[in-house]
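So the structure is just underneath, and the comments pick up after that.
The values are calculated or read from the model by the stated rules, or taken from the named source; none is laboratory data. These numbers were taken from a predicted model, which means no experiment stands behind them. Here Cβ is always computed from backbone atoms with ideal geometry, including for glycine, and neighbour counts include all displayed protein chains. Keep in mind that these areas ignore ligands, DNA and RNA; they rest on the heavy atoms of the full protein, side chains included. Shrake-Rupley method; radii C 1.70, N 1.55, O 1.52, S 1.80 Å.
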Amino acid sequence: MCAKRLDLEGKTCVITGATSGIGQVAAERLAAMGARLLLIARDRARGEDTLRRLRARAPDAAHRVHYADLMLIAEVKRVAAEIAAQERRIDILVNNAGAIFSFHRLTAEGLERTFALNHMAYFVLSHGLREALVAAAPARVVNTASAAHQRAQLHFEDLQFARAYNGVSAYRRSKLCNILFTRELSRRWAHTGVTVNCLHPGFVASNFGRESGGLLPFVLRAAQVFAISSEEGAETIMHLASSPEVADLSGGYFFRCRPTVPAPRAEDDNAARRLWQESAKLAGIE
Ligand SMILES: NC(=O)c1ccc[n+]([C@@H]2O[C@H](COP(=O)([O-])OP(=O)(O)OC[C@H]3O[C@@H](n4cnc5c(N)ncnc54)[C@H](OP(=O)(O)O)[C@@H]3O)[C@@H](O)[C@H]2O)c1
């Protein structure tokens, strides 16, 4: 069902959230197709373990792992600069790391955790790798969003969810941000040769929600009897990262490898522009 390019020899791919679930499968498949993988992970043991798996797939490829807590803007900026200093060209960026949190907590930088990890990390990392992506054009950015955006509401006056926090609502909102960000980045990078698309992977039996706190881990684990595998969940990432069919498409939202219409709120270009401005202000980026 999902078209893929089978040869990614000579391509360099940066991926987040590749130490588990959907991202781990995607990284292994991209490596099996010949790509050199640069992982961004937060945990050394899981990072090294994933690197070992990749090397088993393609022993000659110079895969690497960089460490950063993607919840912190300063860390995302640092790791982006570290990668940009070593890589002149990046062909594929997969923004995929994400989580859901039962309780409202702020990061050391004062941002609500879901917003910081699920949205700001995508924003800051893409910005930090812009030059290397443009240098590799035609290049691709792939953002893992979710159908959970469907019932989301974005309140610009309360982006950090100080009022009436609810973990599921915060998650939905962050996934709406992924789609709005994809639209705005695609518009801003329209003439660079870098395409930007996002996707819903399906409801996937991964480690998602495992560290959420409260009852969510139990609820999500129980619901996983209805979930698809991480292998199936990774299909649309692979499609967007490699298929010639989508080479010229940008700004789209995909499910099961097909362009799909998201909720009307995710097609609001004024909201997309405003989100960009607010995110740039928070990140101290022009
Ligand atoms: N599972 C689903 O049903 C589903 C549905 C729709 C969308 N999604 C989206 O799919 C993406 C991947 O989720 P998944 O299902 O594969 O979940 P997962 O198995 O929990 O994987 C999440 C990945 O993100 C990484 N991560 C979490 N917090 C991080 C941080 N602070 N800094 C750096 N990395 C961090 C994790 O690293 P560790 O290994 O160190 O924990 C892991 O590699 C997420 O964006 C999620 O929102 C999932």
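Identify, from the list Glu131, Glu82, the residue that is over 30 Å from Leu215 (Cβ atoms), open to solvent by 60 Å² or more (accessible area, probe 1.4 Å) and in contact with a strand residue (DSSP E or B) (Cβ under 7 Å, 6 or more places away or on another chain).
Just a single option satisfies the conditions, and that option is Glu82.
Would you point out the residue of the stretch 147-165, among those that are within 16 Å of the ligand (Cβ to nearest atom) and open to solvent by 10 Å² or more (accessible area, probe 1.4 Å), that is farthest from Ala234 (Cα to Cα)?
Arg151
Are any residues in the stretch 209-249 within 11 Å of the ligand (Cβ to nearest atom), among the β-branched types (Val, Ile, Thr) and loosely packed, with under 13 Cβ neighbours inside 10 Å, and if so, which ones?
none
Just to be sure, is Gly128 on the phi > 0 side of the Ramachandran plot and away from the ligand (no atom under 13 Å from the Cβ)? Give the steps one after another, and end with the answer.
Numbers: on the phi > 0 side of the Ramachandran plot: no; away from the ligand (no atom under 13 Å from the Cβ): yes.
So Gly128 does not fit the description; no.
Under 26 Å from Gly214 (Cα atoms), open to solvent by 30 Å² or more (accessible area, probe 1.4 Å) and within 14 Å of the ligand (Cβ to nearest atom): is that true of Asp49 in this structure?
In short, no.
For (1) modelled with pLDDT of 95 or more; (2) out of contact with any helix residue (DSSP H, G or I) (no Cβ under 8 Å at 6 or more places or on another chain), each residue gets a yes or a no:
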{"position": "Val225", "(1), (2)": "no, yes"}
{"position": "Ser243", "(1), (2)": "yes, yes"}
{"position": "Gly251", "(1), (2)": "yes, no"}
{"position": "Gln277", "(1), (2)": "yes, yes"}
{"position": "Ala283", "(1), (2)": "yes, no"}
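Going by the conditions given, is Ala97 buried (at least 17 other Cβ atoms within 10 Å of the Cβ), out of contact with any Cys (no Cβ under 9 Å at 6 or more places or on another chain) and not hydroxyl-bearing (Ser, Thr, Tyr)? Don't jump to the end; show me each part of the working.
Working: buried (at least 17 other Cβ atoms within 10 Å of the Cβ): yes; out of contact with any Cys (no Cβ under 9 Å at 6 or more places or on another chain): yes; not hydroxyl-bearing (Ser, Thr, Tyr): yes.
Considered against the rule, which asks whether it is buried (at least 17 other Cβ atoms within 10 Å of the Cβ), out of contact with any Cys (no Cβ under 9 Å at 6 or more places or on another chain) and not hydroxyl-bearing (Ser, Thr, Tyr), Ala97 comes out as yes.
Quick one: in the stretch 1-46, which of the residues that are of a type in the set (S, T, N, Q) and open to solvent by 20 Å² or more (accessible area, probe 1.4 Å) is farthest from the ligand (Cβ to nearest atom)?
Gln24
Identify, by number, the condition in (1) open to solvent by 30 Å² or more (accessible area, probe 1.4 Å); (2) touching a helix residue (DSSP H, G or I) at 6+ places or on another chain (Cβ under 9 Å); (3) not hydroxyl-bearing (Ser, Thr, Tyr) that Asp91 doesn't meet.
Result: Asp91 passes all but (1).
Please specify each residue of the stretch 185-208 satisfying the condition of being open to solvent by less than 50 Å² (accessible area, probe 1.4 Å) and either more than 12 Å from the ligand (Cβ to nearest atom) or aromatic (Phe, Trp, Tyr) (or both).
Answer for the stretch 185-208, where residues must be open to solvent by less than 50 Å² (accessible area, probe 1.4 Å) and either more than 12 Å from the ligand (Cβ to nearest atom) or aromatic (Phe, Trp, Tyr) (or both): Leu185, Ser186, Trp189, Thr192, Gly193, Val194, Thr195, Val196, Asn197.
Kindly list, by first and then second residue, each pair from a residue in the stretch 222-235 that is of a type outside the set (A, V, I, L, M) to a residue that is assigned to a helix (DSSP H, G or I) and within 8 Å of the ligand (Cβ to nearest atom), limited to pairs with Cβ atoms under 6 Å and residues at least 6 apart or on different chains.
Ser230/Gly21; Ser230/Ile22; Gly233/Ile22
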